[in-house]
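Since the structure comes first, as C-alpha cells, the remarks are kept for the end.
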Amino acid sequence: MTAFDDMVKWEAGGAKPAGDDVVTPATVAATTYGCTFTKNTSGPDDSASTLGLRQIIAATTPACP
C-alpha cells in the first residue's frame, strides 16, 4: 500500500519516493537487498494460505536486520 500511495503522489506532482538500487549487481546480490522497504506483516486481506506461506518463507530465509 505504501509503495502504491507514494507512486500516485509522485505522479500527481509530489516528490519522487526513495527506492532500492536495482542496477548494481553487488547491491542486488547482498543478503540485505530489499530490507529497507520490506514490511513482513500480515494484513486483514491475507488468506490462510498466504499466512502459511509467510511462515514458511520466514523460517527458511534470513531475516532482514
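Inspection of region 13-22 identifies no residue that is touching a Pro at 6+ places or on another chain (Cβ under 9 Å), open to solvent by 100 Å² or more (accessible area, probe 1.4 Å) and part of a loop (DSSP other than H, G, I, E, B). Applying a threshold of 9 Å to beta carbon distances and a minimum spacing of six or more residues, or different chains, the list of pairs starting in region 49-60 at a residue that is more than 21 Å from Cys35 (Cβ to Cβ) and ending at one that is part of a helix (DSSP H, G or I) and open to solvent by 90 Å² or more (accessible area, probe 1.4 Å) is empty. One residue stands out in region 31-50 among those that are open to solvent by 70 Å² or more (accessible area, probe 1.4 Å) and not hydroxyl-bearing (Ser, Thr, Tyr): the one that is farthest from Asp20 (Cα to Cα), namely Ala48.
For region 9-24, check the following and say yes or no: at least one residue is free of Cβ contacts under 8 Å to residues at least 24 places away in the same chain and among the aromatic types (Phe, Trp, Tyr).
Here is the first cut: in region 9-24, the ones free of Cβ contacts under 8 Å to residues at least 24 places away in the same chain are 9-24.
If we keep only those that are among the aromatic types (Phe, Trp, Tyr) too, we end up with 10.
Among the residues of region 9-24, at least one is free of Cβ contacts under 8 Å to residues at least 24 places away in the same chain and among the aromatic types (Phe, Trp, Tyr), which makes the answer yes.
Here the condition is being touching a Phe, Trp or Tyr at 6+ places or on another chain (Cβ under 8 Å) and not hydroxyl-bearing (Ser, Thr, Tyr); of Asp20, Asp6, it holds for Asp20 alone.
The values are calculated or read from the model by the stated rules, or taken from the named source; none is laboratory data. It should be emphasised that the depicted structure is a prediction, and the values quoted were computed from it without experimental measurement. Note that each Cβ is placed from the backbone with ideal geometry, even for glycine, and that neighbours are counted across all protein chains shown. Please note that ligands, DNA and RNA were not included when accessible areas were found on the heavy atoms of the full protein model with its side chains. Shrake-Rupley method; radii C 1.70, N 1.55, O 1.52, S 1.80 Å.
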